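Comments concern the structure below.
The values are calculated or read from the model by the stated rules, or taken from the named source; none is laboratory data. Since the model is a prediction, treat every value here as computed from it, not as a measurement. Counting neighbours? That spans all protein chains shown, and the Cβs are built from the backbone with ideal geometry, glycine included.
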Amino acid sequence: MEAISVLSVNLHVETKLIRLKAVCTHNKSHNTGSAPKDRKQYGSFKKADNSKDCKSIIPSLSKKGLPHIANELVPRLQAEGFLLDKSTLTALMLYYANNGFFTQADALWHEIINSAYNLDIRVVSDLIDAYIGAGLFHEANRIVHQISIRHPRLQHQIYVHTISCFGKIGELELMDDTLKEMVSKGFPVDSSIGNAYIVYYSHFGSITMMENAFKRLKSSRFLIEKDGIRAVAEAYIRDKKFHNLGEFLRDVGLGRRNAGNLLWNLLLLSYAANFKMKSLQREFLNMVEAGFDPDLTTFNIRAVAFSKMSLFWDLHLSVEHMNHNGIFPDLVTYGCVVDAYLDRRLGRNLDFALRKMNVNDSPIMLTDPIMFEVLGKGDFHSSSEALLGFNMQKTWSYKKLIAIYLKKKYRSNQVFWNY
């Protein structure tokens, strides 16, 4: 099969070369001018046909997974009298780099960087991505330095892109070095870079490193954005530092409107994690008094805490509050009610508990997933998700899910008592 594939690709290349040669011969046969005129006319043909056909061959080789044929393609094209233009060279360079042929890619890069071509930022970014993805960090930095010398108009964008690349793979030291070099060239650190720093240190650094990055952002008078807030919160949650999470949220400022309810929800979550119910209720009231409207995640954080603590009256009041605010419950809300009653062996009262909830609605899941990192998923929630994922063609309702879940619980109890 591999031999057939190679033959088919070779045949495709041969066909392209024959067609290119025929067109070129046709152009030459109709040109009777001087040598400079020939060169000028060939140049217009090269842009119209040659580069288009060359670039169409290169991706087709990549899709076939036969990079070695590209090594034969360039010499054969040049032997046929074709001059590779900028677009073909860059396409071939990226093709080499993405397939691990860095020696060939580097040779083409030197040809491009030392020519009069106007480089495209996308091409340079893709090349750096390939080198960093292969762990060739020194070579990536070399490309950045060459750009700063030969194409200074692109260096700020390239610095920012390289900082992001190093950050995404957790190379924090290289990220810092690149940032310092960028600043030494006179380029500013803007809000997007500062917030990206917070995210990368939250994912790959220690808590202390993350907190220092946040202090640097504050000293620069930039506001931390929602992605940064969420990343810091996830780091504190990962280390179960819920008190530190609360202090961080107050430091950011709970009154910020551009973060929506994220700050308040995270604060409520920090109290729900340790089931500090009085503090949870107090901060919920503070949230409402501050002019923030509770959303579905806000209510579900409280509902999960009430369910786990078997606070049935508070759970019912929370559901009524949701109805009053026009917020529809999701799978998490139903799970809180079902699990609370079944855990206390009050399954017969479940119809009464669900009387103000429309059990004929189709199941939805709109709760912020960060809640599950702290409070986990209830048994009904997990079982229903597995059922919905297993049979996606069927039309489901909460009523059907609850009926199946009750049968499952009944059978498990029967098996338990038989033993």
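Checking the structure you have, find out if any residue of segment 85-98 is among the charged types (D, E, K, R), surrounded by 16 or more Cβ atoms within 10 Å (Cβ to Cβ) and in a loop (DSSP other than H, G, I, E, B).
Yes - at least one qualifying residue is present in segment 85-98.
Would you mind telling me which numbered condition in (1) modelled with pLDDT under 95; (2) out of contact with any Leu (no Cβ under 7 Å at 6 or more places or on another chain) Val199 fails?
Of the numbered conditions (1) modelled with pLDDT under 95; (2) out of contact with any Leu (no Cβ under 7 Å at 6 or more places or on another chain), the odd one out for Val199 is (1).
If you scan segment 211-242, which residues turn out to be in a loop (DSSP other than H, G, I, E, B) and farther than 22 Å from Asp190 by Cα?
Asp239, Lys240, Lys241
Which one of these does Val288 not meet: (1) touching a helix residue (DSSP H, G or I) at 6+ places or on another chain (Cβ under 8 Å); (2) outside the structural domain of Leu387 (by TED's automatic domain parsing)?
Failing condition for Val288: (1).
With the condition kept exactly as written, say whether any residue in segment 122-141 is surrounded by fewer than 19 Cβ atoms within 10 Å (Cβ to Cβ) and modelled with pLDDT under 90.
no
Which count do you get for residues in segment 242-267 that are among the small types (Gly, Ala, Ser) and at negative phi?
Of the residues in segment 242-267, 3 are among the small types (Gly, Ala, Ser) and at negative phi.
Which numbered condition in (1) within 28 Å of Lys168 (Cα to Cα); (2) surrounded by 18 or more Cβ atoms within 10 Å (Cβ to Cβ) is the only one that Arg238 fails?
The number of the failed condition is (2).
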